[in-house]
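Beneath this line is the structure, given in structure tokens, with notes to follow.
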Amino acid sequence: MPPPPDRPVARLRTPADLAAVVPHLLGFPPERSLVVCCLSGHPARLGLVLRVDLPAEEDVPDVVEHVAGTVLRSGAQGALVLVHDARGEREELPHAGLQEALGAALEERGVAVVRSLLVGEGRTWSYDCADACCPPEGVEVPAAVGDAETAVAARRALDGQALLPSRAALEQSLLPGPGQSAAAPALGPALAAAVLELGGTSRADAARLVTGLVRAACRARADGAAGLTAGTAGLLLVASRDRVVRDALLPLALEPEEPAALVAVLVELVQWAGVRPEQGLPGPAPADLAGACALLAACAHVLGQGPLAGIALERGLAAVPDHALAALLDALLRRAVGPERVRRLLAGVSDELEERFRDGGGRWAEDPWQGRDRVGGQPSAGSHRPRAEPAPPAEPGPSGAASVPGRRRGSRPGPGRRT
């Protein structure tokens, strides 16, 4: 499917283009990471992007199996494999065994490995090419690569996504900020007041209340107003303790005029849910944090912010390992279910809730656990399996060749914490 006409398109022509663009695709520069960019179509387009921490030697078979399976399930016909790590003074390229095992696993599944590169210290080295184009000293990654990098950066800017310095910085963005920590004493009374306000309310009325609050917060955020107050955050967190009311917030991802504002509001909600008041004072429950993280993950994934979705799910499942919605979303992302399929799922949720709310939907009720006891399955925390992340599309260059650097037909790759 071609990209929307108003969206910038990245045309990638060389390995240097790819290496320079990957941080923009992920939202941060990868460190000690295995990154796989999935390709499909003719000419080739970038699709899902996978990132995993470089595994210990004993974990290589498990990681290779999961990465190769995820790439295949994404529908990819080809893949670009990038190993991000410093080469240092080593004569041989590091992680050659990982690269070779992954290349073999992909090609066994019918996925062609277009190019395998080591990326580090501002240079790239090829695992599978010894021609003049890939000298032993490597090729410098330019500070800027023209239209390819500019197009991807522009797309992120349109979506309100900043390029962060590291994955740790993205994780840090979900922690309470100074303002929320200072207002922590107000959150406990706000939570208690919300329980009293919602008690006896129908689910339909509670759903209308919270969706109205989120829409208003999005409009305020788009206009540059201040963020969520303790009172609003407390009401949203408590209302979401009812699974049906919580699920009514999911379809908001299908309608935002300002997607960046919706993601920003849900990030704030996660930050408030992580506030820990002083000892003895009431505060959010672990399920409040897990539920807020699940809402953020669903909306972020639908809106093309896969890395943020993955990190939100890690935080949510750390709070409640068996949280039903977080575990379901985690399973979908690990199986490379893309944003469009999740959009269809959320549209189905919207239709189901509309039918359910016609008679009020029953009374709002707290469900403090929200675990998987009613769903079944095992918690996924701690798995090595990667999550898939959507990347901007790429188009062929002026020559009509594929939009990514190719490898000679028949050549084989040489030796060589998920997001």
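The values are calculated or read from the model by the stated rules, or taken from the named source; none is laboratory data. Owing to the predicted nature of the structure, the values given are computational and were not obtained by experimental measurement. Cβ coordinates were reconstructed from backbone atoms using ideal geometry, including for glycine residues, and neighbour counts include every protein chain displayed.
Cβ-Cβ distances below 6 Å connect the following pairs, each with a first residue in segment 311-323 that is under 19 Å from Asp247 (Cα atoms), a second residue that is among the charged types (D, E, K, R), and a separation of six or more residues or different chains: Leu313/Asp330; Asp322/Arg372.
Output the number of residues of segment 83-110 satisfying the condition of being charged (D, E, K, R) and buried (at least 16 other Cβ atoms within 10 Å of the Cβ). Steps first, answer last, please.
Let us first name the residues in segment 83-110 that are charged (D, E, K, R), namely 85, 87, 89-92, 100, 107-109.
Keeping just the survivors that are buried (at least 16 other Cβ atoms within 10 Å of the Cβ) gives 85, 87, 100.
Adding up the residues that qualify gives 3.
Note on segment 219-243: residues that are assigned to a helix (DSSP H, G or I), surrounded by fewer than 23 Cβ atoms within 10 Å (Cβ to Cβ) and of a type outside the set (Gly, Ala, Ser) amount to 4.
Within segment 162-184, being at pLDDT below 90, exposed (fewer than 15 other Cβ atoms within 10 Å of the Cβ) and in contact with a helix residue (DSSP H, G or I) (Cβ under 8 Å, 6 or more places away or on another chain) holds for one residue alone: Ala162.
Applying the selection to segment 13-29, what residues are more than 14 Å from the chain's Cα centre (by Cα), crowded, with 22+ Cβ neighbours inside 10 Å and not β-branched (Val, Ile, Thr)? Answer for segment 13-29, where residues must be more than 14 Å from the chain's Cα centre (by Cα), crowded, with 22+ Cβ neighbours inside 10 Å and not β-branched (Val, Ile, Thr): Pro15, Asp17, Leu18, Ala19, Ala20. Going through (1) in the same structural domain as Pro286 (by TED's automatic domain parsing); (2) in a helix (DSSP H, G or I); (3) surrounded by fewer than 17 Cβ atoms within 10 Å (Cβ to Cβ) one by one, Leu187 falls short only on (3). Residues of segment 186-211 that are out of contact with any Gly (no Cβ under 6 Å at 6 or more places or on another chain) and farther than 16 Å from Leu237 by Cβ: Gly200, Asp205, Arg208. For segment 114-135, the set of residues classified as at pLDDT 80 or above and either loosely packed, with under 11 Cβ neighbours inside 10 Å or of a type in the set (Val, Ile, Thr) (or both) consists of Val114, Val119, Thr124, listed by residue number. Is it the case that segment 344-354 has a residue that's surrounded by 16 or more Cβ atoms within 10 Å (Cβ to Cβ), modelled with pLDDT of 90 or more, among the charged types (D, E, K, R) and assigned to a helix (DSSP H, G or I)? No. For segment 288-310, the set of residues classified as surrounded by fewer than 23 Cβ atoms within 10 Å (Cβ to Cβ) and of a type in the set (A, V, I, L, M, F, W, C) is empty. Here Pro277 passes the criteria (1) within 17 Å of Gly348 (Cα to Cα); (2) at pLDDT below 95 except the one numbered (1).
Being at pLDDT 80 or above and assigned to a loop (DSSP other than H, G, I, E, B) is the requirement here; does Pro29 meet it?
Numbers: at pLDDT 80 or above: yes; assigned to a loop (DSSP other than H, G, I, E, B): yes.
For Pro29, the condition - at pLDDT 80 or above and assigned to a loop (DSSP other than H, G, I, E, B) - is met.
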